[in-house]
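Okay, so here's the structure we're looking at.
The values are calculated or read from the model by the stated rules, or taken from the named source; none is laboratory data. These numbers were taken from a predicted model, which means no experiment stands behind them. All Cβ positions, glycine included, derive from the backbone under ideal geometry; neighbour counts span all protein chains shown. Surface areas here come from the heavy atoms of the whole protein model, side chains and all, with no ligands, DNA or RNA. Shrake-Rupley method; radii C 1.70, N 1.55, O 1.52, S 1.80 Å.
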Amino acid sequence: MTRYFLGVDVGATKSHALIADDGGRAWGFGEGGPGNPEGVGYDGLARVLQTITGEALAAAGIDVGQIAGAGFGIGGYDWPSQREPTLEAIASLGLNAPLEIVNDAIIGLLAGAAEGWGVAVVAGTSCNCWGWDPDRREGRMIGFSWLGEAAGGGELVLKALQAVAHEWTWRGPPTDLTQAFVELTGARDAEDLLEGLTLGRIQLDAAAAPVVFRVAAEGDSVAQELIRWAGRELGSLAIGVIHQLGFEELAFDVVMAGSLFDGSPVLADCLRETVHAAAPGACLVRLRVPPVVGGVLLGMEQAGHDPLPLRETLIRSTQDLLRTRGRR
């Protein structure tokens, strides 16, 4: 009898569910909006889980009782005290199968690391970094930018706006970022931009990060340095996990996950240079498949099914499935 496995990836901006069988073939995919309980609460998490899992089950043509194992990567799942309310939200799915919950960075690691262990650096709206050694000993960041873990898209835009303010107040050099943000927001000039930002009339967030990459590509030295800064900061997160797990002398994968890595190869180059100073054997790998694939692999483990031999098959099958849905 065919066994089916559920993977779930819940994030601050979007959430995915994927169902695959015990041969690594993807059958159903579901997608929805933000489910991080820090933003939507645990009731909101439950609703998102029901939406995306229901869609994936319908696409696969199976019911929830046929799921043999499940793996959940939950954005904002950082501390043991969060386990019980997270399990309560998952219970609304009616699963009768072994399952595990991890931070969403870990399923990105499972999806991208050939051996199922190493370090995952996530850089999208914000950033995070977690790792596993071969025995599943855990290394991690705290996951909060205000505690000094700040090199995602939102933080890059904030740094760019600070550079604009420094130019206007004569504290820093001229930068083409000023005119770029003026044009993006429709402000009259730099003063109008800064007034709008400080009074709340204008708001910019991580969605504006491509502007920084574009201005850098056009040769602006301030924007270029900001991208190098982000790469070094992300590398610093990875080094923290490397030190926690004692990876300095090992060969291992560093999985780069998240949309920020699409902005410029300079970001990955600076990350690589920073990491190699501490761990020369690290191999940087760009995640090219949705992290939810790692959730399915984790679900297979919970049911006692060895996932590693099926990883490549599952990746290809998932890519094929998403192409039929008109997704990349």
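Structural remarks
- Selection count where residues are part of a loop (DSSP other than H, G, I, E, B), surrounded by 15 or more Cβ atoms within 10 Å (Cβ to Cβ) and not aliphatic (A, V, I, L, M), scope segment 170-194: 2
- Test for ALA160: is it open to solvent by less than 50 Å² (accessible area, probe 1.4 Å) and under 30 Å from VAL254 (Cβ atoms): yes
- Residue count for segment 195-216, restricted to those that are open to solvent by 90 Å² or more (accessible area, probe 1.4 Å) and either of a type in the set (A, V, I, L, M, F, W, C) or without any contact (Cβ under 8 Å) to a residue 12 or more places away in the chain (or both): 4
- Taking residues in segment 138-163 that are over 9 Å from CYS127 (Cβ atoms), and partners anywhere that are among the charged types (D, E, K, R) and crowded, with 23+ Cβ neighbours inside 10 Å, not one pair has Cβ atoms closer than 7 Å while being at least 6 places apart or on different chains.
- Any pair with Cβ under 7 angstrom, 6 or more apart, that starts in segment 22-51 at a residue that is within 19 Å of TRP79 (Cβ to Cβ) and ends at one that is surrounded by fewer than 17 Cβ atoms within 10 Å (Cβ to Cβ) and charged (D, E, K, R): TYR42/GLU88
- Residues located in segment 292-311, provided they are open to solvent by 40 Å² or more (accessible area, probe 1.4 Å), at pLDDT 95 or above and under 22 Å from VAL255 (Cα atoms): GLU301
- Only one of the numbered conditions (1) at pLDDT below 95; (2) assigned to a helix (DSSP H, G or I) is not met by VAL289, and that is (2).
- Test: residue in segment 230-249 that is farther than 30 Å from ASP133 by Cβ and open to solvent by less than 30 Å² (accessible area, probe 1.4 Å): no
- Note on segment 4-79: enclosed strands (runs of 3 or more DSSP E) holding 1 or more residues that are more than 17 Å from GLU100 (Cβ to Cβ) and either open to solvent by 30 Å² or more (accessible area, probe 1.4 Å) or aromatic (Phe, Trp, Tyr) (or both) are 26-32.
- Cβ pairs under 7 Å, 6+ apart, first in segment 239-252 and part of a helix (DSSP H, G or I), second surrounded by fewer than 16 Cβ atoms within 10 Å (Cβ to Cβ): ILE242/GLU248; LEU245/ARG137
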